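Enquirer: So that we are looking at the same thing, I have put the structure below in structure tokens.
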Amino acid sequence: MHNITNHSQDEFEEEFYFVVMWDLCIGILGLIANGFLICLIFKSKSFNRNYDILLANQILSDLVCSAAILTSSIYSLILHTSSLDIGKDIACKIIYFLIVTTFLASIIIFTFMAGERYYNFVWKKYINKSVPFTKIVIGIISIWITSAGVAFPIIYFADAHKPSLFSCTLSEDLIIAHYDELFFTLLFCLFYVLPIIIICICYLLLCYSLCKRIEMIRSASAVHVFRGHARERRLILFSLILTLAFLSLSLPFLCTLIYTAYNDHGLYEATSNSQISQRLAIEICTVIYKSRCIVIALLHIGLRKRLRQAILHCCCPCRK
């Protein structure tokens, strides 16, 4: 048992430095990439359109998540390499709260994005129509207040168990554990399963409508109309890829929250090989989720020609 404990401590150190260095890279790159994208979208003349507002909000969510990850990694490194133990529990709760809040904001935005694409393409309403500034502010504030309100119970569930934020997990208190099981089950059903159902319905209806419209256009030999629909198809495909990427990267993280809510939380005091393996699996899932701050930003740049042109123009103003 003593050998297992020593081995566990050695592995804990290795995991700690790997995760902290990964978080530092993700935090720095995420701040740069998402901050740059927000500046480009704000400078765009089409920022007052519904779709661009949703995109900017989603990028803002990744920017906040990147800032939380970077702050957590720096503070965790300070706590781990010194004898300081100041504000560890409060910092743990705030970081957990911000990460869950940004997840909720993103899932709400991607659901609205699917609905907006369906509404615009099928019903042809509000397309290229500007939105008043007051409505933009109200919409953004509403999304974030809703996300923060739903995530607020995290403050009561998260605890730090070692002198670092690396071991920030769910509380081991038996009374609180009962409520976090209920909370994360509802969170998974209402803010992951239900949005997936809504998103799938919207995109399936979009595909059906798109196929019917393409057949009508081909039969009428309307080339200029077909080109217009090709642009709309690319925009729908872009939205779908972003949504699938976010949902895929988020699922492992949500599964770890559900798992730790229903199982023993003391994985960072692991005394058996099975607990060590479980802890490692949880860390891998968390690392995958955190990488969404970079992956989605790269998808934005890779799939949107206008953004690439804007980046080239900023980097090389002389180039037209």
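The values are calculated or read from the model by the stated rules, or taken from the named source; none is laboratory data. All figures in this text were calculated on a predicted structure; none of them were measured in a lab. Here the Cβ positions follow ideal geometry from the backbone for every residue, glycine too, while neighbour counts run over all protein chains shown. Note: areas computed on protein heavy atoms with side chains; ligands, DNA, RNA excluded. Shrake-Rupley method; radii C 1.70, N 1.55, O 1.52, S 1.80 Å.
Enquirer: For the stretch 16-25, take each phi angle, set θ = phi - 60°, evaluate the Karplus expression 6.51 cos²θ - 1.76 cosθ + 1.60, and give the result in whole Hz per residue in order, putting x for glycine and proline.
Expert: Those phi angles translate into 4, 5, 5, 5, 5, 5, 4, 4, 4, 5 Hz.
Enquirer: Contour minus end-to-end for F152 and I32, with contour as 0.36 nm per residue of separation and end-to-end as the Cα-Cα distance?
Expert: 40.4 nm
Enquirer: Roughly speaking, what is the stretch gain from V193 to H313, that is 0.36 nm per residue apart minus the C-alpha to C-alpha distance, in nm to one decimal?
Expert: Here the segment from V193 to H313 would lengthen by 39.1 nm.
Enquirer: Lys and Arg at +1, Asp and Glu at -1: add these up for the other residues within a Cβ distance under 11 Å of D62 and post the number.
Expert: +2
Enquirer: Report, by chain and number, residues whose modeled amide H sits under 5 Å from the one on A158, excluding near sequence neighbours (fewer than 5 apart, same chain).
Expert: S171
Enquirer: Right, next: For L280 and C207, what does the FRET efficiency come to when R0 = 45 Å and r is the distance between their Cβ atoms, rounded to the nearest 0.05?
Expert: Efficiency at R0 = 45 Å is approximately 0.70.
Enquirer: Would you kindly find the accessible area of F18, with a 1.4 Å probe and non-protein molecules such as ligands, DNA and RNA excluded, rounding to the nearest 10 Å²?
Expert: Taking all protein chains as shown, F18 has close to 120 Å².
Enquirer: Could you please put F103, F188 in sequence from largest to smallest accessible area, using a 1.4 Å probe?
Expert: Descending accessible area places them as F188, F103.
Enquirer: If you take the beta carbon distance between R234 and T185 as r and set R0 to 41 Å, what does 1/(1 + (r/R0)^6) give as a FRET efficiency, to the nearest 0.05?
Expert: It comes out at approximately 0.60.
Enquirer: On a full-extension model of 0.36 nm per residue, what is the gain between K135 and D89, subtracting their alpha-carbon distance, rounded to one decimal in nm?
Expert: So the chain would gain 12.8 nm between K135 and D89.
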